[in-house]
1. I'd like the full set of residues that are surrounded by 19 or more Cβ atoms within 10 Å (Cβ to Cβ), among the charged types (D, E, K, R) and without any contact (Cβ under 8 Å) to a residue 60 or more places away in the chain, limited to the range 8-46.
2. With the requirement that a residue be among the acidic types (Asp, Glu) and either at pLDDT 85 or above or in contact with a helix residue (DSSP H, G or I) (Cβ under 8 Å, 6 or more places away or on another chain) (or both), what does the range 1-16 give you?
3. Given the options Asp31, Asp93, Asp78, Asp49, name the one that is assigned by TED's automatic domain parsing to the domain that holds Gln108 and not hydroxyl-bearing (Ser, Thr, Tyr).
4. Among the candidates Asp31, Asp16, Asp49, which residue alone is farther than 24 Å from Glu91 by Cβ and within 16 Å of the chain's Cα centre (by Cα)?
Amino acid sequence: MNEENWYSEENATFGDRLVAAREAAGMSQKDLARRLGVKDKTLKAWENDASEPRANKLQMLAGVLNVSIMWLLSGQGDGLEAPGGPAIAPEADKLLRELRALKVDMVQNAERLARLEKALRGVMADG
């Protein structure tokens, strides 16, 4: 994995970047949730890409974690440097990319499912 795109949209999700920034700030989930005034389960959902924060909480996140909003959303702008350490083996890199792609697909499918359920409820209520 190329160091310069470690946190890009192709390689990382919003939740991945949030976890990395929180850990770089030396904060636990509980600490960050308390600072933001949200429940622990809300922060966990953000980190697991099950939901996203509203604009006001996104702005607070960026400020508390000392990264830009754009970096949290897309991996571009002021944020964290790619982690150092040993290079990832090509096999591990391939698996990591596949896992991340699957995670993104799952979030998109969950959103699609919610839209379809809402549409079905509307059709059933009309009929």
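1. Result: Arg22, single match.
2. Scanning the range 1-16 gives Glu9, Asp16.
3. Only one candidate qualifies: Asp93.
4. Working: Asp31 fails: within 16 Å of the chain's Cα centre (by Cα); Asp16 fails: farther than 24 Å from Glu91 by Cβ.
Checking each option against the conditions leaves just Asp49.
The values are calculated or read from the model by the stated rules, or taken from the named source; none is laboratory data. Because the structure is a prediction, the values reported are computed rather than measured. Note that we place each Cβ from the backbone using ideal geometry, even for glycine, and neighbour counts take in every protein chain shown.
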